[in-house]
1. Quick one: what does P(r) look like for region 262-363 with 5 Å bins over all Cα pairs, in whole %?
2. Full extension from Glu18 to Val79: what is 0.36 nm times the residue separation minus their Cα-Cα distance, to one decimal in nm?
3. Taking a label point 7 Å from the Cα of Gln275 along the Cα→Cβ vector, which residues of region 234-249 have an amide N closer than 18 Å to it?
4. Take the solvent-accessible surface of the protein heavy atoms, probe 1.4 Å, and return the percent of it on region 1-153 that carbon and sulfur atoms account for.
5. Pairing the Cα long axis of helix 126-135 with the longest principal axis of the chain, what angle in degrees results, from 0 to 90 and rounded to the nearest 10?
6. For n ≥ 4 DSSP H runs only, could you compute -39500 (n - 2.57) per run for the chain, divide by its residues and tell me the 222 nm figure to the nearest 500?
7. So what's the gap between the Cα centers of region 184-222 and region 128-154, to the nearest angstrom?
8. Averaged per residue, what accessible area in Å² does region 266-331 show with a 1.4 Å probe, protein chains only?
Amino acid sequence: MQSPTTNSPEKDMQQRIEQFAGQVVTDLAAAMAGVMTNLGHKLGLYHAMAEGGAISSEELARRTATHERSVREWLNGQVAGGYVRFDASTNRYQLPPEHAFVLANPGSPAFLPPAFDVAASLWRDEDQILAAFRSGGGMGWHEHDCRLFTATESFFRNGYRAHLTQSWIPSLSGVHERLANGGQVADLGCGHGASIILMAQAFPKSRFVGIDYHESSINVARQRAQEAGVADHIRFEVATPRVLAKSKEKFDLVCFMDSLHDMGDPLEAVWASRQAMAPDGALMLVEPFARDRPEENVGPVARMYYSASAGLCTQNALSQGGRYSLGAQAGAAQLLAIVKEAGFGSARVAMETPFNLILEARL
């Protein structure tokens, strides 16, 4: 006879079903609310709320030239998600300062709204990604919705602004001093040029080459460099990393800024960078943070990276032949092994952050 306090197997199963269904509903709510976060960013709603004090839906609509009824519904959704606070006695809403730092401050290293356009591009390209899953032929970076390119630039730029020249480059042996005195730098897979522009601003005596296979991104990078006043210090090329294998230039620093795992043949890319390295030069790999085993990569950050990797990074690598298809959660051991196989004499993890691994390699 079953104990009164012991659930039957059927009851246990029902509870587990309900618990997991609740988890999926939470994810569904987040997916739908993500669109509202994106709208709040693009309509300036968060920015207007961050200007200070509690605000009514009517005031917010006036400040942002939006429709009050839509804004009121948006605000109530923000309250439901814990993004915004509501005072029922005054019928006013408030964006807490710590939330404003994440949602309304474009200069903050924790500014996250641009990442929602990465998610938007995945939804927009769902049919093509679905076909790539079936064919195994991948989907090139250039084939994605254009929101992906500007969102990736914005999402990574603030992190680079906070860490690249202040801590990551100084963590490499002697590199900061070399660049301060005038060195040669190559940035492979440079995209819109966020990282190389920051380096050019920090090290005006050095010279830089940005390389990316995506012509549209290179065109934007040239424009960004012009706007930043560093166009005279940077040369951009539409090419793949293998162009370095024949380069007559010798570089004091070669960087892969969140790009190596996107490449179809990362071993060739690292090998090519080695051919263009000055005798005392350094290779810097900046990659998404990951442990070495999949079972160790759990939680929201790992889930975000795996999702982006399955729809974007791995697909781009497969479209280029995918010799390794590292993916965005490769981990230090696999990255160090590729660096060593490419012929570098020494390699190490120079730094870790919650979002990045920074690796250094030497001849």
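The values are calculated or read from the model by the stated rules, or taken from the named source; none is laboratory data. This structure is a prediction, so every number in the text was calculated from the model and none was measured. Don't worry about glycine lacking a Cβ; one is built from the backbone with ideal geometry, like all the others, and counts go over all protein chains shown. We work out accessible area using only protein heavy atoms, side chains counted, and drop any ligands, DNA or RNA first. Shrake-Rupley method; radii C 1.70, N 1.55, O 1.52, S 1.80 Å.
1. Each 5 Å bin holds this share of Cα pairs: 3, 13, 23, 23, 20, 12, 5, 1, 0.
2. Values: separation 61, 0.36 × 61 = 21.96 nm, distance 2.50 nm.
Gain in length upon complete extension: 19.5 nm.
3. 237-249
4. Numbers: 5490 of 9330 Å².
Looking at region 1-153 in its full context, I get 59 percent from C and S.
5. 60
6. Values: 15 runs with 170 residues, N = 363.
-14500 deg cm²/dmol, from helical runs alone.
7. Centre-to-centre (Cα) distance: 22 Å.
8. Numbers: 2680 Å² over 66 residues.
Accessible surface, normalised per residue, equals 41 Å².
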